[in-house]
Amino acid sequence: SVFECDEQQLGTIFGAYGCVEQIHILKNSDGQSKGAAFVTYSNVQEADTAIFTLHNRYRMLSNRAVQVSYAKNSPNISLYGTHNALEVHKGNPSNPLPDI
């Protein structure tokens, strides 16, 4: 699969921007990655740094630029994160807006 990337690899990439508390890779019924994951940081400043640095800039194994934004049900979201999520949704409507 072009989406083969494990939690350890994602932890290395996203851990450069803060304390990663949890990583959850979305998988289909066959256990194959869907090419999406949720990364939980310890605070919004770290999440914002990862979004600012990685969104549409970092390329994964499939050479696709990653889409990085707050999840729809993020309990904490910064003003920057809200603005970014709106921009991501405009460019890719399949990326849901956060509950703001």
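The values are calculated or read from the model by the stated rules, or taken from the named source; none is laboratory data. Predicted model only: the values in this text are computed from it and were never measured. Because the Cβ atoms are built from the backbone with ideal geometry, glycine has one as well, and the counts that use them run over all protein chains shown. The area values use the complete protein model at the heavy-atom level, side chains included, leaving out ligands, DNA and RNA. Shrake-Rupley method; radii C 1.70, N 1.55, O 1.52, S 1.80 Å.
Where only protein heavy atoms count, and the probe is 1.4 Å, what is the accessible area per residue for the stretch 1-85 in Å²? Write down the numbers at each step before the final one.
Numbers: 5360 Å² over 85 residues.
Accessible surface, normalised per residue, equals 63 Å².
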For Ser74, residues with placed amide H under 5 Å, excluding near neighbours: Asp99
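With all protein chains present, how much of the accessible area of the chain (probe radius 1.4 Å) comes from carbon and sulfur, to the nearest whole percent?
51
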Using a Förster distance of 35 angstrom, determine the FRET efficiency expected from the C-beta separation of Thr82 and Met60, and round it to 0.05. 0.90
Quote the relative contact order of the stretch 4-75 in percent (integer), defining contacts as alpha-carbon pairs under 8 Å separated by 6+ residues. 24
Cα Rg, Dmax, the stretch 33-76, angstrom units: 11.0, 31
Just how many % of Cα pairs in the chain lie over 20 Å apart, if you round to the nearest whole percent? 35
